[in-house]
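For reference, the structure is listed below as structure tokens.
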Amino acid sequence: MLIGHYIQTLNFKGRTALPARLRYELGDKVIVSRWYEGSIAIFELSRWEKIVEQATRGVFVLGSARDTERFLLGGAYEVELDGQGRFVIPPPLRQHAGIVDATEVVFVGLGSRAEIWSKVRWEEREKYILENAEKLIEEVSKNDTR
């Protein structure tokens, strides 16, 4: 299971290293994709296929279904890690996540996926989460359909 958060450096070419703990779970070939709240998601290949299957079940006559496909699939890249777990975050994804001028990124393990955040955006998001934790869990409980 992917857990924890890790701060990594990013060089001028946009290259960083996937933390060893996350790499162990994800493998050497991953999908990096545009994700929500201005982050980038990292998936193990078979998990990505399940996400795509769920996201593309929508009726194709609905613009929202087509736009969801465009958002996820149009912003996805297959990435192979080098021997030290390094990879280049594609420029469009760095732009999306606001890590164009960043020198540090934060990897966050979230069970079946990891996210990459600019350090600044992560600190803002984490502050929001910590300040609203009680309200957030209540909202999730209300919407739980299990």
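The values are calculated or read from the model by the stated rules, or taken from the named source; none is laboratory data. Model, not experiment: these values are computed from the prediction. No Cβ is skipped: glycine too gets one built from the backbone with ideal geometry, and neighbour counts run over all protein chains shown.
Hey, could you check the stretch 93-146 for residues that are within 12 Å of the chain's Cα centre (by Cα) and hydroxyl-bearing (S, T, Y) and say which is farthest from K29 (Cα to Cα)?
S118
Being of a type in the set (A, V, I, L, M), surrounded by 13 or more Cβ atoms within 10 Å (Cβ to Cβ) and free of Cβ contacts under 8 Å to residues at least 40 places away in the same chain: is that true of V52 here?
Answer is yes for this residue.
Identify all residues within the stretch 56-66 that are aliphatic (A, V, I, L, M) and either in contact (Cβ under 8 Å) with a residue 12 or more places away in the chain or part of a helix (DSSP H, G or I) (or both); write none if there are none.
A65
So in the stretch 1-38, with the set limited to residues that are of a type in the set (S, T, Y) and surrounded by fewer than 19 Cβ atoms within 10 Å (Cβ to Cβ), which one is nearest to the chain's Cα centre (by Cα)?
To start, the set of residues in the stretch 1-38 that are of a type in the set (S, T, Y) comprises 6, 9, 16, 24, 33, 36.
After this cut, where a residue has to be surrounded by fewer than 19 Cβ atoms within 10 Å (Cβ to Cβ) as well, the list is 6, 9, 24, 36.
Working: Y6: 13, T9: 17, Y24: 17, Y36: 8 Å.
For the stretch 1-38, the residue satisfying everything is Y36.
Scan the stretch 19-42 residue by residue and report those that are of a type in the set (A, V, I, L, M) and within 10 Å of I116 (Cα to Cα).
Kept after step one, since they are of a type in the set (A, V, I, L, M), are these residues of the stretch 19-42: 20, 22, 26, 30-32, 40-42.
V32, I40, A41, I42 - these are the residues of the stretch 19-42 that are of a type in the set (A, V, I, L, M) and within 10 Å of I116 (Cα to Cα).
Would you check if A41 is free of Cβ contacts under 8 Å to residues at least 24 places away in the same chain and surrounded by 13 or more Cβ atoms within 10 Å (Cβ to Cβ)?
Here the answer is no, as A41 does not meet what is asked.
Need the failing condition index for S118 against (1) over 25 Å from A20 (Cβ atoms); (2) in contact with a strand residue (DSSP E or B) (Cβ under 9 Å, 6 or more places away or on another chain); (3) among the hydroxyl-bearing types (S, T, Y), just the number.
Of the numbered conditions (1) over 25 Å from A20 (Cβ atoms); (2) in contact with a strand residue (DSSP E or B) (Cβ under 9 Å, 6 or more places away or on another chain); (3) among the hydroxyl-bearing types (S, T, Y), the odd one out for S118 is (1).
So, in the stretch 27-47, exactly how many residues are among the aliphatic types (A, V, I, L, M) and either modelled with pLDDT under 95 or part of a loop (DSSP other than H, G, I, E, B) (or both)? Reasoning before the result, please.
Filtering the stretch 27-47 for residues among the aliphatic types (A, V, I, L, M) gives 30-32, 40-42, 45.
Retained after the next criterion (residues that are either modelled with pLDDT under 95 or part of a loop (DSSP other than H, G, I, E, B) (or both)): 45.
Of the residues in that region, 1 qualify.
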